[in-house]
Structure formats: C-alpha cells, structure tokens
1. Restricting to region 141-176, what's the tally of residues that are on the phi > 0 side of the Ramachandran plot and out of contact with any helix residue (DSSP H, G or I) (no Cβ under 8 Å at 6 or more places or on another chain)?
2. Can you list residue pairs whose Cβ atoms sit under 6 Å apart, with the first residue in region 202-217 being in contact (Cβ under 8 Å) with a residue 12 or more places away in the chain and at positive phi and the second being open to solvent by 10 Å² or more (accessible area, probe 1.4 Å) and assigned to a helix (DSSP H, G or I)? Count only pairs 6 or more apart in sequence or on different chains.
3. Would you be able to tell me the number of residues in region 316-374 that are among the acidic types (Asp, Glu) and free of Cβ contacts under 8 Å to residues at least 60 places away in the same chain?
4. Out of region 19-49, which residues are of a type in the set (Asp, Glu) and touching a strand residue (DSSP E or B) at 6+ places or on another chain (Cβ under 6 Å)?
5. Those residues that are part of a loop (DSSP other than H, G, I, E, B), open to solvent by 10 Å² or more (accessible area, probe 1.4 Å) and not polar (S, T, N, Q), I need them from region 266-296; list them, please.
6. Give the residues of region 6-19 that are of a type outside the set (Gly, Ala, Ser) and open to solvent by less than 20 Å² (accessible area, probe 1.4 Å), sorted by residue number.
7. Before we move on, is Ala494 open to solvent by 50 Å² or more (accessible area, probe 1.4 Å), out of contact with any Phe, Trp or Tyr (no Cβ under 9 Å at 6 or more places or on another chain), closer than 20 Å to Glu205 by Cα and modelled with pLDDT of 95 or more?
8. Looking only at region 214-229, count how many residues are open to solvent by 10 Å² or more (accessible area, probe 1.4 Å) and in a loop (DSSP other than H, G, I, E, B).
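The values are calculated or read from the model by the stated rules, or taken from the named source; none is laboratory data. Bear in mind the structure is a predicted one, so any value in this text is a computation, not a measurement. All Cβ positions, even for glycine, are placed from backbone atoms using ideal geometry, and neighbour counts span all protein chains on display. These accessible areas exclude ligands, DNA and RNA; they are computed on the full protein's heavy atoms, side chains included. Shrake-Rupley method; radii C 1.70, N 1.55, O 1.52, S 1.80 Å.
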Amino acid sequence: MTVAHIYTVAFQGIEAREVDVQVHLGDSPNGYFTIVGLADKAVAESRERVRAALSAIGLALPFRQITVNLSPADLPKEGSHYDLPIALGLLSAMGVLPASEMAGYVALGELSLDAQISPVAGVLPAALAASEQNRGLICPATCGPEAAWAGGVEIIAAPSLISLVNHIKGAQVLNPPTAKIAEDANLVADMRDVKGQETAKRALEIAAAGGHNMLMIGPPGAGKSMLAARLPGLLPPLDAREALEISMVQSLAGELRDGAISRRRPFRNPHHSASMASLVGGGLRVRPGEVSLAHLGVLFLDELPEFQRPVLDSLRQPIETGEAVVARANAHVRYPARFQLVAAMNPCRCGYASEPGRACGRAPKCAGDYQSRISGPLIDRMDIHVEVASVSAQDLALPPPAEGTSAIAARVANARAIQRKRYEGAGIRTNAEAEGETLDRVATPEATGARLLSEAAESMRLTARGFHRVMRVARTIADLAGTEIVGRAHVAEALSYRRLLHQS
C-alpha cells in the first residue's frame, strides 16, 4: 500500500489554506479513480484531465484502486488548480517522481489534454503561503513572474508536465522566474485638458491628497467623467507593500497579466448595470468584487442614481470598515476594500435641473425624484460634494491652463508624506481613515475654527459622521497648505464642500 503526499491551497478570501493532497494506490481488480474531500465539479473533472495528460507524456494510470483525498476533508475545494498536484501525487505514488521530495512542494495549475500547464488564479497568495510553510512552489510558467514576488521561496515554473518531470529528475533545467513590473502603456490624462471648473479641480486635489470620497453633480457634458479620469494621475504610486497587497486580490481575480505587478493605483469604473455580487464580491464561487479590485485606489461610479439602490447601499459597510465581508451558507470570506469612492451624477433625469431655461416641466419634482434614488446614509459618507457647472464657450476658447497634472500631483505627494509621517505606526494611510481619539488629536480646529464648525453643524444639521468628515477634509486642506494647525479658513472651505442634495 502506497500513499504519496503533495500540497496545494484552497482559497478563502485572500487567505490560502493548506490542502494535503494524499494519493493512495490500493489493490482492486476494477481500477477505480476516486477523488474525495468536499471537491466541487471542476475538481472532480480533474480525473479525466489528469488521465489524458499522463497519456500524452506516455504514461498510463495503473489498473488499481486510486483514491485521492484532499485534506482537510471539511474544507470546500473549488477550481481547476488541483489538476497539477493530483497528477504529481499520482506520479509520486507510481514511483516516477521521488515521493519524499514532492512532499516539500505546494503545487497548483490546470492541465490541458496535451499535458500543457495552463495558468490559474491565486498563484501569488499561494506563493506567500508556501513561503510561510517553508516549502517550494510549482506553478505554470506564465504565472512564474507573479510567484517570484513572494521572495525567499523556491519556484519551479513549468510550461508542461513533461518538462516539469524532466526538471525534477535532472534531465532538464527550468530557469527560476524573475519578478516583473507591468509597463503602463496608457498615458496619464493631464489636468491641462480641463478648461474652467476651478472649484471642481480644487476639490479633486483635496480628495486625492486625503483619500476622500467625492460626489460630483452637474449637467451632461460638464466634465465630471473627464475630471474623474484624471484622478489616478494625481495619486502617488503604490509602495512595495501596497503593490503586493492589491496584487494578491488581482491574482485571485485572475487579472494579473503575464504575472506582472503594477505600481499604479487601481481605477475601477463599473457600468451602472453591475450586480451586487460583481460590485462587493460573491457569486456561486465567491470572488472579489469591484470594491476589492479598487483596494488602495479609486472606485468611480458614473451615473450614480442609475445603479440599483440595494447595490449602492451595499457599499456602506465596505466604506466604513475597509473590507468586504461575503457571507454565504457554505462560505464566509473577507476581502480588503479600502477604496476611494468617486461618483458623478446629473441633478435630474433630463440633466438640466440646475440650468436656467433648460429644465423640464416637472422641475423641481424631477430632481427630487431622481436624487431620492440615493439613500441619505450613502450621501452622508461622501466627504466632498461639488457642483460641476456647464463650461461656457468662452472657457473652451481659452488656451490650456498653465498648471497640469505633474504640479498638482507634487502637492498631493507632499500632503500624503505629511500624513504618512503623522500616522506612522498607527495603521492609517490617509486623513480619510483617521477616527476616534486620533482624529480629535490631529484635526480639532483652533478656537475660531471650532466655533465655526459647531455653528455650521447646527445650521446644516450635520450628523456625527458628517461632522467628523468635515474635520478630516479640513485636516487635508491644512496639509496642502503646509500648516499643522487647522484654522478657520480650512474649516470654511471644508464646509463649502458639504452641500446637500435636493432630497436631503
């Protein structure tokens, strides 16, 4: 009786749980091939892919009772990445590969019928898990650069099963993969393209500097989407730890191209027909949603009232906690979701409620009905509300502004550096994340500013959440000005961005 071991992983959120793939060859005249251990249909179908792949390299399964146990047996196993560890476990049990050596590896990959190893999602989290377990990693060749970012782990990235077998037996050498950084092919859109809209550009700079949520309201063609598209160019690049953090989510979603990691912050722009599962995560096989793919970056929702209201309200918890929790009867997983929400909308369905002489005959009821599609609690979570007015022909005829993206990005970078130093060791990246005693300590205005804030909170009927969000924005405005004291002028400007919609 022979039992061979090799390891792989099962994914729960961004966590890679160890799975022991045990292969047993027993005596039986019938030659059954059974996979047990709470495997889904994709894993069960591995039997035929493994059988065909072994046949393609000139090997046949022994006519014996083959039992593959995926331990722990009560952990759900999903996906096609179990093909490769099952095949390697079989080869170890058959004596083709050294069983003791294979027990020191974590393997994942999908096998094609001609024994090629196809790419799979989740290689980066698997590589980090292998490193923690002091094991090597075996993965598809195209995923090798992705796995190389784990560092300190032996990686065998093979294009096919035969090349992998030859490498392990010493008949062929597969070079270790090298980590790759994705080249940004798209040029960053420049703020010089935006003519007029000085108030909106200032608000965008503040939002970028402090990581604040922002809502732009204005008629069609005013430049809301144009402004949002230029936000990524104002944000500082990801540092090494942040790049690894977001790349783990992208790896699970299968969005890392050629295994290369990008240092640019993500910018996600889902269509307003997006479902709740696609936005916050979930589905039959739980996957990260747009809020997690926008982690440490920007989630832009254009035509905000056109999204289904339950879908929009599902954003409220991730905005507050910085993570998306997907609870199902058979799964309970968490994905990071510390994103910056930027939204754009028209004031009403026709779009011209704020334009004299152009509003429809149902105004102002048209605007009230349209804006009421967005719940008050979601609006309360938007730090900055800014009106984007129509651009006149005179503005369009002007030459491009002298100040472009690079100059604004430099100010944003300085403000972010101040925040990084201020919150060092506190687990906070930007002012938008500060709360509780930390917020009171760093953002309480001086006497005249505090008095203005208190009076405005009464007259504007700010909620406690709205009150604290004004404090955060004022703190960011002070950082852009290079002053440690939050003054009356900073509070006044922050309050000017706290406008309420028609429905409020």
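1. Step one: filter region 141-176 for residues on the phi > 0 side of the Ramachandran plot, giving 151-152, 170.
So of that shortlist, the ones also out of contact with any helix residue (DSSP H, G or I) (no Cβ under 8 Å at 6 or more places or on another chain) come out as 170.
Residues meeting the conditions: 1.
2. Once the first residue is in contact (Cβ under 8 Å) with a residue 12 or more places away in the chain and at positive phi and sits in region 202-217, its partners that are open to solvent by 10 Å² or more (accessible area, probe 1.4 Å) and assigned to a helix (DSSP H, G or I) give Gly211/Ala432.
3. Filtering region 316-374 for residues among the acidic types (Asp, Glu) gives 320, 323, 355, 369.
Next, from what is left, pick out any that are free of Cβ contacts under 8 Å to residues at least 60 places away in the same chain: 323, 369.
The qualifying residues number 2.
4. So the first thing to find is which residues in region 19-49 are of a type in the set (Asp, Glu), and the list is 20, 27, 40, 45, 48.
Of everything in region 19-49, just one residue is of a type in the set (Asp, Glu) and touching a strand residue (DSSP E or B) at 6+ places or on another chain (Cβ under 6 Å), namely Asp20.
5. The initial filter retains those residues of region 266-296 that are part of a loop (DSSP other than H, G, I, E, B), namely 266, 269-275, 281, 283-286, 288-289, 294-296.
With the extra rule that they be open to solvent by 10 Å² or more (accessible area, probe 1.4 Å), the set shrinks to 266, 269-275, 283-286, 288, 296.
Listed by number, the residues that qualify are Pro266, Pro270, His271, His272, Ala274, Gly283, Leu284, Arg285, Val286, Pro288, Leu296.
6. In the first step, residues of region 6-19 are kept if they are of a type outside the set (Gly, Ala, Ser); the result is 6-9, 11-12, 14-15, 17-19.
Passing the criteria: Ile6, Thr8, Val9, Val19.
7. It is false that Ala494 is open to solvent by 50 Å² or more (accessible area, probe 1.4 Å), out of contact with any Phe, Trp or Tyr (no Cβ under 9 Å at 6 or more places or on another chain), closer than 20 Å to Glu205 by Cα and modelled with pLDDT of 95 or more.
8. Restricting attention to region 214-229, the residues satisfying the condition of being open to solvent by 10 Å² or more (accessible area, probe 1.4 Å) are 217, 220-221, 223-226, 229.
So of that shortlist, the ones also in a loop (DSSP other than H, G, I, E, B) come out as 220-221, 223.
Total satisfying the criteria: 3.
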